[in-house]
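Report on the following structure.
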Amino acid sequence: MNCIHCEGPANGVCRFCGRALCKSHARSMPYIITLYIGEKRVPKAIVVADTFYCGLCKPQPEPIEMPELD
Ligand SMILES: [Zn+2]
Ligand SMILES: [Zn+2]
C-alpha cells in the first residue's frame, strides 16, 4: 500500500477511513472507542490518543444518531 498523499510506502492506515499513510503524512487524532454514562449520569468516553489519521476524512466529534436502524 502507498500513502494517499505522496504515493510513498505506507506505515499504517487511517483509523477512521482506512486510507494508507506514510510517517510524514500521518496525523494523530484521539479515537473514541466507546461512550457510556458514568456516575451522576455524566457521559464518559474511552479514548485512545494518537491514532493514525489521514487529515482528509472528517470523523464526527459526537456519535451520530441513526434512527433508520431502529
Ligand atoms: Zn506520504
Ligand atoms: Zn481518514
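The values are calculated or read from the model by the stated rules, or taken from the named source; none is laboratory data. Predicted model, so just to flag it, every value in this text is computed and none were measured. FYI the Cβ positions are ideal-geometry reconstructions off the backbone, even for glycines, and counts take in every protein chain you see.
State the number of residues belonging to the stretch 11-59 that are exposed (fewer than 10 other Cβ atoms within 10 Å of the Cβ), aliphatic (A, V, I, L, M) and in a loop (DSSP other than H, G, I, E, B). The total comes to 1. In summary, P63 fulfils each of the numbered conditions (1) of a type outside the set (S, T, Y); (2) at pLDDT 90 or above; (3) in a loop (DSSP other than H, G, I, E, B) with the single exception of condition (2).
Among the candidates A20, A49, the residue that is in contact with a strand residue (DSSP E or B) (Cβ under 7 Å, 6 or more places away or on another chain), within 16 Å of ligand 1 (Cβ to nearest atom) and closer than 29 Å to N2 by Cβ is uniquely A20.
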